[in-house]
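Comments concern the structure below.
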Amino acid sequence: MVSVKKKGGIWLSFFILSPLIFYLALPTFSLEQVWSVDYMFFVMLCLLVSFYPIHTEKSILFLTNGVSVAVFIIYGLFAEIVVTTLALLALMLRSNIKSDEHYRYPLNLLMFQLLSLVSAFAYYTVLPMVSDGGMSSFSLTALIIYMLVHLGFNQIAMYCINRYLFNVKETELIDEDFKFSFYTSLFIVPLSFILIYLFEELHLNGIVIGAIPFLTITVGMNVFFKNQMNNTYLKKVNVLAQELTEKKKRSEVIETYLRSLAHIFPVDALSYFNVSNDGEVRRTVVFKENLGIEELNEPFSISEKSILNNAILNRTIIYYNRAADWRIHCINDICYHAESAMVLPVTLREDVAGLILISHKTKFMYNDMIVSLIRILHQYFSIALDNAHQYELLEENSETDYLTGLTNLKGFSKQLEKVISEENTCVSLIVMDLDHFKKTNDTYGHEAGNEVLRQVARLLERLTDMGLTVARYGGEEFIVLLPDYSKNEARIIAEDIRRKIESAAFTVQQSIKSSKPVIIPTTASLGVATYPIDCSRADELITVADKAMYIGSKQKGRNRVTIARKGRNSYEVKKIF
């Protein structure tokens, strides 16, 4: 961002230096020449060339210097500065420079006027020292010096502006744009030479004939660079599509996609909105150029005519190239200046699960090619998101006990590894086994036994609200992980579990004994162990707590809580009646 102070300095420098430059060039001014038809044709040619700027990945280039140098040789410095200024103004007006960047007008005008002055000084300095045969009106060697000085001074000026005005630390003095400008100068100089020669021989007709190669090359290179940029987009889109297919989680797919959208395509700002099943919208991500990505979780209200709401209703990509077409209905959608805007609905199983809003401060930024590429990429994204969703469901199901809905041993093991890696001061664990459960199955039937297991699971499930992990260990065994719980705290919870199971009325609607509801009395034996008190490694907790439960509770009467003590067969048995 350019500060207000710097912007003021640019305008002040322009109003002081620009008149001074014109004053220094005034000796070369000839009113008769400037008002001639020939000169007007040169102005028209320069304007035509400026209407077809060459868009590279980082900047905009145009070949008016090939025409302006011919104007300089024929009419002098003053006439050349006028032509360059008019062409540059035309280019900037077509570029739709946003209001907060109007300082670019005086900055670019002043830079090119200084370029003309410095290049002319080099030309007039060298001219007496060199002599070319064939054409007496100018020196080809001096003309080459003029172009080289123009090229070099332009690159130095751009480097200083990017580095010290825009604070772009990665700026290089010799970059790809400089190389392009250098190579184009190799054929611009001969074209300028030909244009001057044709004018001297044929006058107005010479300008028309000489304009053909300039316009042909300008249009041709414009098409070439557009195709090159499109190929660059396609390569980046292909790489991103491959990256998306490798992601296994929805959050990773969305994060990768958002970052890539902002990196690949022209995006000044980006917002991501979560849309819940009941229609609630929350803005979770905001990206702004030079500020990076900010994660939020704020409720967001959208109006009925909002482009966001239109995207939800139509479930299709919507884009606009002028703020006048959409901004009046979207006061809350974007809290920053934007002209071009695009909304991409994020669908998951035919439902809109999110919205992506990208925007740019420049009008007509999203042309047909960019929109087509984004459509293709968005299809890849939708497929990757659905695949990640399916993978998460599969993983969730593989870690969930089918009967009780609790975490199974696989999921529990993963959670235990996570707790161990967090380096808690202590970790406690409860192993619980329902007493005489085989007898329950034999007496009431396996379906009745399964119903008891489900009801026990619902009772234990309440512990998850305390940050505990509850899992079915297998059969009628359950296990509870208590991160950062002391042994005494774990014992209290285990006793509470035991009492609730003992006093609960586990009712089944039918059994092999009766078709009427039956209450099945159930008790449980529990073992408690704590790391690092009872074992040297946290992954030994299950074994230690299991032994405490079997040796201390099962073998001593059941319906008990046994606290493991360090030592092979030393346990403290607790029971409350």
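The values are calculated or read from the model by the stated rules, or taken from the named source; none is laboratory data. Computed from a predicted structure; not experimentally measured. Positions of Cβ are backbone-derived with ideal geometry, glycine not excepted, and every protein chain shown enters the neighbour counts. These area figures cover heavy atoms from the full protein model, side chains too; ligands, DNA and RNA do not enter into them. Shrake-Rupley method; radii C 1.70, N 1.55, O 1.52, S 1.80 Å.
Figures for the structure shown
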| item | result |
| --- | --- |
| Spin-label model distance (nm) - I317 vs N277, 7 Å beyond Cα toward Cβ | 3.0 nm |
| Long pairs among K487/K547; K179/K363; K226/K288; K410/K487, criterion Cα-Cα beyond 20 Å | K179/K363; K226/K288; K410/K487 |
| Estimated D of the chain in µm² per second, where Rh is the Kirkwood radius over Cα pairs and Stokes-Einstein applies at 4 °C, 1.567 mPa s | 42 µm²/s |
| Estimated FRET transfer efficiency (R259, E350; beta-carbon r; R0 35 Å; 0.05) | 0.85 |
| Exposure of D351 as accessible area (Å², to 10), given a probe of 1.4 Å and all protein chains | 80 Å² |
| Potential extension, L24-S514 segment - 0.36 nm per residue separation minus Cα distance | 165.2 nm |
| Spin-label model distance (nm) - E252 vs D325, 7 Å beyond Cα toward Cβ | 3.8 nm |
| Order of exposure, largest accessible area first, which applies to V4, V427 with probe 1.4 Å | V4, V427 |
| Space enclosed by the convex hull of the alpha-carbon atoms of the stretch 1-116, per residue, Å³ | 104 Å³ |
| Computed accessible area, R327, all protein chains, 1.4 angstrom probe, square angstrom | 60 Å² |
| Among 182-194, 79-91, the order from most to least packed when residues are scored by Cβ within 10 Å on average | 79-91, 182-194 |
| Estimated D of the stretch 4-217 in µm² per second, where Rh is the Kirkwood radius over Cα pairs and Stokes-Einstein applies at 25 °C, 0.890 mPa s | 137 µm²/s |
| Which of Y103, Y531 is most accessible, then next, and so on - probe 1.4 Å | Y531, Y103 |
| E176 - accessible surface, heavy atoms, 1.4 Å probe, Å² rounded to 10 | 130 Å² |
| Gain in span if fully extended, I174 to N205, counting 0.36 nm per residue against the direct Cα distance | 7.2 nm |
| Peptides ranked, highest mean first, by Cβ atoms within 10 Å: ranges 438-446, 384-392, 40-48 | 40-48, 384-392, 438-446 |
| Chain lengthening between I492 and E294 when straightened (0.36 nm per residue, less Cα-Cα) | 67.0 nm |
| Relative contact order (percent, whole number), the stretch 250-394, Cα cutoff 8 Å, 6+ residue spacing | 24 percent |
| The chain: relative contact order in percent, alpha carbon pairs under 8 Å with at least 6 residues between | 8 percent |
| For the stretch 114-272, convex hull of alpha carbons as volume per residue, Å³ | 161 Å³ |
| Sites D386 and L148, calculated FRET efficiency, Cβ-Cβ separation with R0 51 Å, nearest 0.05 | 0.35 |
| Kirkwood Rh (inverse of mean 1/r, distinct Cα pairs), the stretch 250-394, angstrom | 15.3 Å |
| Per-residue [θ]222 nm for the chain (sum of -39500 (n - 2.57) over DSSP H runs n ≥ 4, rounded to 500) | -17500 deg cm²/dmol |
| Solvent-accessible surface ranking, highest first, for K414, K288, K235 at 1.4 angstrom | K235, K414, K288 |
| √(5λ) per eigenvalue of the Cα gyration tensor, the stretch 333-492, largest first, Å | 50, 21, 13 |
